[in-house]
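Scroll down for the structure; my scribbles are underneath it.
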Amino acid sequence: MTENVAPHSTRLRAALSAALLTLTCLLTPCGTLAAWAAALADTGHYVDTMAPLATDPDVRDAVADAVGDEVVRELHAETTDTTPLGPFVREAIRSFTRTDAFRTAWEAGNRAVHDAVLHALRDDAAAPGPVTVDLAPVTAQVRARLAADHLPFAHRIPVEHTEVAVVPAGEVAGLRKGYHVLDAAAFWLPLAAVVLAATGIAVAARRRRALTATGLGTALGGALLVLAVAVGRRLTLADLPDRVHRPAVGAVYDALTATLRTASWLLLALGLTVALASWLAGRHGSRRAPPSPATTRHTPSSLRENPGIAPASGRPERWTLRLPTRRSPGTGRGGRGDGGGSAPGARGCCSPG
């Protein structure tokens, strides 16, 4: 009865451990992704992530072209002069993007946009409508720089408090729900992955093998995240219209996903390290393990000490018991019939057969 219960219990523990470790391997990349997205919800972290892009040539060219087109449009609306100002305006703005003032304006603009979006996502009582941001302070800095470069009509660039929509009204409600789910997942998913991993290894019948499987699953999750980041970049750039600067968008994508890529590679390296260490520990332990005492424990001590045990079969040799034969009276040696002794040729009491 006991022999039937033990294998059943082992199989049950192995199945439970496999289920828990499978969930762990699924939740680990999801928790990493949620934690990365939640970190971007911090305004300071977001601004610090976007700040280096102020020195990226592709980003500066994209900003110069976009702002230059808008400035030229405003100048043509304000004056009837037909002088081609487009090349001068764009060159002046490109010069502006190389200054410290542009970096200040870049950080201020990103902070304003992030604050506006974050406020709309966190405040359930916010007024319905698109998420807008006022870029008048940025426009004022650009106009001051153009005036300092003696650009004609630079002082005529209007600095109005124009609300620029950054999130359409129809997407605000869905983004708000997604933000709340993401905020909770960023805390609970990593915690659940750690608890499930510890429980799955603890209940496993073979814990070293379970630890190796957990490491390999974690490494696989990290590799899938690396692949997902690369595929996401490719799809993002492929969906852009032709008029958008793809290199600039690629630089922004790389800056925003830099932390996620690092975390993905860390998961891959950590999982492989744990799996390799567990496998090497198992091989080293098996080489130094003493011989199994099962045979010695179940062999009787009389048989272990008896030199007549056959090594191959473990059974004692067969012995034959032979008794001395009696001689009839008068047949003894020397004609004596008194039966005074046994035959000299009689064998011992026992001998090997």
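Nothing in this text is a laboratory measurement; each read-out follows from the coordinates by a stated rule. As the structure is a computational prediction, the values presented were derived from the model and not from experiment. Cβ coordinates were reconstructed from backbone atoms using ideal geometry, including for glycine residues, and neighbour counts include every protein chain displayed.
The table below gives the values:
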quantity: Net lengthening on full extension, residue 43/residue 205 (0.36 nm per residue, minus Cα-Cα); calculated: 53.6 nm
quantity: Contour excess over end-to-end distance, with Cα ends at residue 140 and residue 276 and 0.36 nm allotted per residue; calculated: 43.0 nm
quantity: Inter-label distance for residue 256 and residue 108, nm, one decimal - labels placed 7 Å from Cα along Cα-to-Cβ; calculated: 2.4 nm
quantity: For segment 163-253, convex hull of alpha carbons as volume per residue, Å³; calculated: 144 Å³
quantity: FRET E, pair residue 15, residue 227, Förster distance 22 Å, beta-carbon r, rounded to 0.05; calculated: 0.15
